[in-house]
Structure formats: C-alpha cells, structure tokens
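A short write-up of the structure that comes next.
The numbers here are math on the coordinates, done by the rules we state, and not lab data. Please read these numbers as outputs of a predicted model, since none were measured by experiment. With ideal geometry, Cβ positions are generated from the backbone for all residues, glycine too; neighbour counts draw on all protein chains shown.
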Amino acid sequence: MEALLAMLVGLITAAAFYLMLSGMLVRFVFGFTLMGNAVNLLIFTAGRLTHSDPPLIEPGQTGLAGPVANALPQALILTAIVIGFAMVTFLLILLYRTHHQTGTLDADQDAFLTEISLSEKGKVS
Amino acid sequence: MNLLLILPILLPMVMAMISVLTGLDRARSGMLAVFGALLHLCASGFLLATVVDHQVLVLWMGNWPAPAGICLVADYLSAAMVLITSVIYLAVMVYSGKEITPHQRRSGYYPLMQFLTAAICGAFLTGDLFNLYVWFELILMASFGIMIMENPGSRLTSAVKYVTMNLLSTVFLIMAIGLIYGLTGTLNMADLHEKVAQVDNTALVTGAALLLMMAFAIKSALFPLFFWLPATYHTLPVPVAAFFAGMLTKVGVYALIRLFTLVFVTDVAVTHTLLMVMAVLTMVSGVAAAASQMDIRRILSFHIISQVGYMVLGLAVFTPLALAGTLVYLIHHIIVKANLFLVSGLIQRATGSFDLKQTGGLYQTHGLLSLGFFIPAFSLAGFPPLSGFWAKLLIIYACLEAGHYFLGATAAVVGLMTVFSMIKIWTEAFWKKKALPVDSPVEPLVDIPFQLMGPVLCLCLLTVLIGVFMEPVLKFALVAGEQLMSPHQYVLAVKGGG
C-alpha cells in the first residue's frame with residue numbers, strides 16, 4: 001500500500017510540475033492545487049498506514065487502551081489543507097485582477113511583460 | 001519570566017487588532033503604530049537582556065508536555081534577530097506616517113505590517129518545524145496583502161511572480177516536513193537534533209534536507225532561485241520595500257542557519273558544500289547584475305542578493321567564528337539595507353525620480369541626506385570603521401582560517417564590486433550636476449520632513465555605533481556562534497523544560 005501511494009504521490013507531483021511550468025497562470029493554479037494534494041498524501045503516508053482504532057479514550061478510562069492510529073499527521077494535513085485553501089483563493093483573485101489589468105494570463109505575452117517596463121520608467125506613486 | 005518570549009509575537013498582533021477594530025484616522029493610527037513599535041522594541045530589548053543572563057529561554061505553549069506541545073525558544077541568535085526586527089519595525093513605522101497614502105491606510109496597511117512583524121518574530125522564536133511552516137505562511141499572507149495594496153497597474157504582475165515563487169517554496173517546505181516526520185516521528189527541532197542522527201536511511205535524510213534547503217533558498221533569494229526579488233522590490237512603496245528588504249530574505253537565512261546547525265549536521269559534506277557553492281554564485285551574480293542597473297532600487301535589490309551570499313557563506317564554512325560573522329553580517333545588513341531603501345525614497349522625493357540618470361546635485365541641495373546615504377552605502381561596501389567592514393572582515397577571516405582561500409578572495413572581490421555600485425549612486429545622484437527637469441509625477445521636494453529624515457539618521461547612527469563599538473557585539477556574536485556549533489545547551493533547555 002505504501003509503495004502504491006508513494007508512486008501516486010510521484011505521479012501527481014510530476015503532473016503538477018508539468019502544469020506549473022507551462023507559463024499559463026491558470027494552469028499554475030491547477031498545478032498548485034494538485035501539488036497540495038500530493039503533499040497531503042505524502043504526509044499521510046509518512047505517518048504510517050495502519051489499521052487501528054481511532055485515538056479516543058473510552059468513557060470512564062483515563063488513558064488510551066491498546067494501539068491507536070497516529071493523529072498527528074492528520075492534524076498536519078488539516079492545517080495544510082486550510083492554509084492551501086486560503087492561498088488558492090488569494091491566488092485566484094490575484095490572477096483575476098491581473099487579467100483585468102493586462103488582458104492576458106500568459107506569462108510570455110508582451111502585455112504581461114510590458115506592464116513591468118512601465119514601472120521601470122519611474123512612474124511611481 | 002519565560003512568558004516574555006510570547007511578547008514580541010503577541011504585542012504586534014494585539015496592536016493589529018486594535019487598529020482594525022478602532023478604525024482611527026490617519027494621524028492617530030500612525031501614532032498608535034509607532035507606540036506599538038516602541039513597546040515591541042522594549043519587549044525585545046528586555047528579551048535579549050534576559051537571554052544574555054539565562055543563555056536559552058524556553059516557553060511551552062499551553063503547557064502541553066514535551067513531545068506533543070509546541071515551544072518557543074530564544075537563544076542568542078533568535079533574541080538578536082527579534083531585537084533587530086523591532087528596530088527596523090520602529091524606523092519603518094515612523095517613516096510610514098508621512099509616506100503612506102490614505103488609500104493604503106484604509107486598505108489595512110498598519111494591521112498587515114503588524115501581523116507581518118508578529119509572524120517574523122514567530123518564525124525567529126519557534127522551536128518546532130511545523131510551527132515554522134505556519135509562521136512562514138503567515139508572513140506570506142501578510143506580505144501578499146501589503147504587496148497588492150493600491151495598484152497603479154504596475155504592481156500586479158510583479159506580485160504574481162512573488163506569490164507564485166513563494167507558494168512553490170512553501171510546498172517544498174511542507175513536503176520536506178512530511179518526509180522528516182515520517183523518518184523521525186517528531187517535529188520539535190531540539191528533538192530532531194538527536195533523532196536525525198539515529199535514522200538509518202541517511203540518503204533520505206539528506207534528500208529531505210536538500211528539499212528544505214531549496215524551500216529556504218527561494219525565500220532567502222539564493223543563486224538560481226533569486227529572480228523573484230529584483231522583479232518585485234522596486235515596485236513597492238518605500239517603507240514596505242525597506243521592511244521587506246531588511247527582513248524577508250533574512251527570515252529565510254535564519255531558517256537555514258537554524259536547521260543546518262541544529263538538525264542537519266549529519267551529512268555536512270553534501271549539504272554545507274552545496275550551500276557553499278550556492279553562496280559564492282549568489283554573491284557574484286548579485287553584485288554583477290547590480291553593476292548593470294541604473295534604477296536605485298534595482299541596484300539595491302541586487303545587492304540584497306549578493307549580501308545574502310555572504311551570510312550563507314558564513315553558514316557554509318561552519319566554524320564558530322564563521323557563524324559569528326554571519327550573525328554580525330545579519331545585524332549589519334538588516335539595518336543598512338532597510339536604511340538604504342528609506343534613503344532611496346528620500347532621493348526620489350528630492351529629485352522626483354528613482355532613475356539615476358534623472359537625479360543629481362543632491363550634495364549641494366540636501367547635505368543631510370547626503371550624509372544619510374553616505375554612511376549606510378559605504379558601510380554596505382565595507383569601509384572601516386563602519387559595521388560592514390567588520391562583518392566582511394569576520395567572514396573573510398573565517399574563510400581563510402578554515403583554509404577556503406578561494407572563497408575568502410571571492411568575498412573580498414565582491415566587496416570591491418559593491419564599492420563600484422555605491423560610488424555609482426553617489427556620483428550620479430549626489431555629485432553630478434542636476435539633470436534637466438523632466439515631467440515627473442512627483443513634485444521635487446526641497447525640505448525633507450523630519451519624520452522621514454529622523455529614522456534614516458537614527459539608523460545611520462546605529463551603523464556607526466556598531467562599527468565603533470564592535471567589541472561587545474563581537475563578543476555576543478562569538479557566544480552565539482559557539483551556541484550554534486554545539487547546540488547541547490539548546491537541546492538540554494528544550495528537553496529538560498518539558
């Protein structure tokens with residue numbers, strides 16, 4: 001199972017890099033989202049895959065009885081998902097506004113590049 | 001006493017909430033920000049004094065026991081970094097009062113800067129790898145918000161570059177954290193110090209270390225990964241550029257120092273050699289690229305890159321003296337670089353342009369500003385007796401002592417090339433006769449308000465003082481270097497405190 005997940009992580013990462021390197025910024029967003037999922041899977045796998053009980057303490061007891069699943073990786077993944085969600089939202093809005101200004105989201109297009117040379121001419125607020 | 005550790009993080013956060021909730025007018029919100037920065041400076045100064053007494057301070061958040069809880073740790077390095085952050089924070093807040101437009105203030109300039117400061121201090125103080133990741137995300141979020149504030153068209157494409165590169169680096173960071181957790185079962189850095197040495201699969205440890213190095217190399221703008229920096233910094237408002245230039249890349253450098261002295265010291269032959277190669281290429285390429293620029297802020301941006309190279313070089317040489325040199329360099333560089341960016345704003349105010357070709361004659365019209373540029377610029381270039389001279393001397397001396405003659409020679413040559421760039425700005429902006437008037441959106445200013453000149457002069461004074469009274473700073477840095485090279489004190493403080 002670990003080997004399978006490891007290969008899956010590799011595959012998704014490769015796909016994500018392909019998308020991110022394409023120069024189209026919308027594809028970058030897809031790549032970034034995919035990459036986030038790959039990383040979450042990686043953390044999940046690194047936390048060991050075991051069939052065991054959830055880490056809950058029975059009523060009336062003071063501690064855990066027997067082996068339980070490791071809760072920490074899931075807490076890490078949860079944090080990473082929340083942060084990733086916020087980042088993707090921000091990125092989408094930023095790209096929307098950029099498209100509004102430049103008319104393109106292709107990083108190689110002149111419209112995208114000339115915006116920078118405008119600022120170089122000392123047109124500062 | 002240990003609760004002191006939370007103050008540098010908590011104070012700016014509280015200030016941010018107050019300034020969001022009260023919605024004060026321009027003058028009052030500026031005053032509040034300066035007041036908050038003063039409190040922050042007091043807290044950081046007190047923290048440093050306490051750390052000097054107690055060596056290492058540890059605070060377990062929420063009193064959770066050692067392996068599960070998250071701790072804040074302050075050793076010499078962290079405390080010094082927090083103090084220097086609050087110095088720059090104060091200077092920038094004073095400067096912002098006159099420079100920030102009402103529109104920027106309404107978009108939340110002050111709260112965002114305060115959150116940014118809190119996050120930077122959090123990154124300096126945390127003792128947990130995952131917590132470090134969270135602070136980095138907070139830094140990113142706050143800096144994104146500041147970066148896209150009030151967009152006169154030119155800033156969004158550069159913000160896109162900054163955002164995408166930094167998002168990529170955080171992905172690498174969290175990936176490495178996942179791998180390290182899988183290998184060791186812990187994310188506490190002091191705990192990792194022992195556990196990493198016990199892992200059998202050394203290749204995977206080195207792999208994870210290199211992933212982390214990549215993540216922080218993007219953040220600290222090391223050689224092949226620095227292109228986002230010169231593309232963005234020159235489009236920011238002046239106080240923001242100063243704060244970012246002073247602090248942001250240095251958080252990356254700090255993280256590199258922390259991890260590659262405390263955690264990943266098992267495979268020095270690979271990791272630190274790679275750091276060394278990157279450091280040299282960073283120094284040379286940064287300074288060479290700066291030589292071809294004519295915009296003041298672009299020159300300064302490329303110099304950030306070349307200076308980061310020096311700091312990482314000190315880490316890569318990996319002797320107590322070299323690490324002490326890195327710390328001195330960090331302190332010197334943050335003050336000087338933030339100051340130079342503030343000065344660039346004043347040059348623009350006085351002449352109407354950032355472009356060196358359109359400036360000139362400042363030495364005749366603005367004597368005090370000339371002094372305000374002269375001191376940090378030639379400190380950056382490494383002229384004695386200013387702080388930059390000692391910082392460069394320490395790094396070069398450590399290189400020679402460790403037998404890296406080529407590195408020492410390169411560092412000296414790069415210093416010479418820095419002189420070239422600084423002389424270029426000096427002759428173009430200050431000595432040259434004033435160029436013909438150009439149609440500029442900004443009306444040239446004859447008198448520079450004291451609120452803008454004050455922070456610059458204070459930072460100049462600090463540069464001179466550090467240079468003249470090098471002895472105590474050096475002693476402090478040497479202790480810090482020893483602490484970093486043999487982290488048993490750090491580990492004992494964290495593990496014993498659980």
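The table below lists the values:
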| item | result |
| --- | --- |
| Most mobile listed residue (A:Thr62, A:Thr79, A:Thr33) in chain A, GNM with C-alpha springs under 10 Å | A:Thr62 |
| Farthest toward positive dipole pole in chain B [+1 Lys/Arg, -1 Asp/Glu at C-beta], among B:Met283, B:Thr365, B:Leu72 | B:Thr365 |
| Entries of B:Lys250/B:Lys432; B:Lys195/B:Lys392; B:Lys161/B:Lys250; B:Lys392/B:Lys475; B:Lys219/B:Lys337; B:Lys195/B:Lys495 with Cα pairs more than 24 Å apart | B:Lys250/B:Lys432; B:Lys195/B:Lys392 |
| Lys/Arg +1, Asp/Glu -1 at C-beta; chain B dipole; positive extreme among B:Phe318, B:Leu116, B:Met93 | B:Met93 |
| Cβ neighbours within 10 Å from other chains - mean over A:78-87 | 4 |
| Computed over chain A: relative contact order in percent, which uses C-alpha pairs under 8 Å that are six or more apart | 23 percent |
| Rounded to 10°, Cα long-axis angle of helix B:76-99 versus longest principal axis of chain B | 30 degrees |
| Dipole axis of chain A (+1 Lys, Arg; -1 Asp, Glu on Cβ), positive-most option in A:Ile83, A:Leu11, A:Ala107 | A:Ala107 |
| Descending semi-axes in Å of the protein assembly as shown, equivalent ellipsoid built from Cα gyration tensor | 39, 28, 24 |
| Average other protein chain Cβ within 10 Å of Cβ, residues B:416-423 | 0 |
| Dipole moment magnitude, nearest 20 debye, region B:2-496 about Cα centre, only Lys, Arg, Asp, Glu C-beta charged | 1020 debye |
| Number of partner chain Cβ atoms within 10 Å, mean per residue of A:38-46 | 5 |
| Pairwise FRET efficiency - A:Leu49 versus B:Asp200, Cβ, R0 = 22 Å, nearest 0.05 | 0.60 |
| Base-10 log of normalised Debye intensity for region B:2-496 (one unit scatterer per alpha-carbon) at q = 0.10, 0.11 Å⁻¹ | -0.71, -0.86 |
| Amide proton proximity set for B:Leu24, modelled H, under 5 Å, gap of 5+ | none |
| Kirkwood Rh in Å, taken over all unlike Cα pairs in chain A | 17.9 Å |
| Choice from A:Ile77, A:Ile57, A:Ile12 showing the highest fluctuation, given a GNM over chain A with Cα pairs closer than 10 Å | A:Ile57 |
| Sorted peptide list for B:411-421, A:46-56, criterion being average Cβ within 10 angstrom, highest first | B:411-421, A:46-56 |
| Whole-Hz ³J(HN,Hα) from phi, Karplus 6.51 cos²θ - 1.76 cosθ + 1.60, for region A:49-57, glycine and proline x | 8, 9, 8, 9, 5, x, x, 10, 8 |
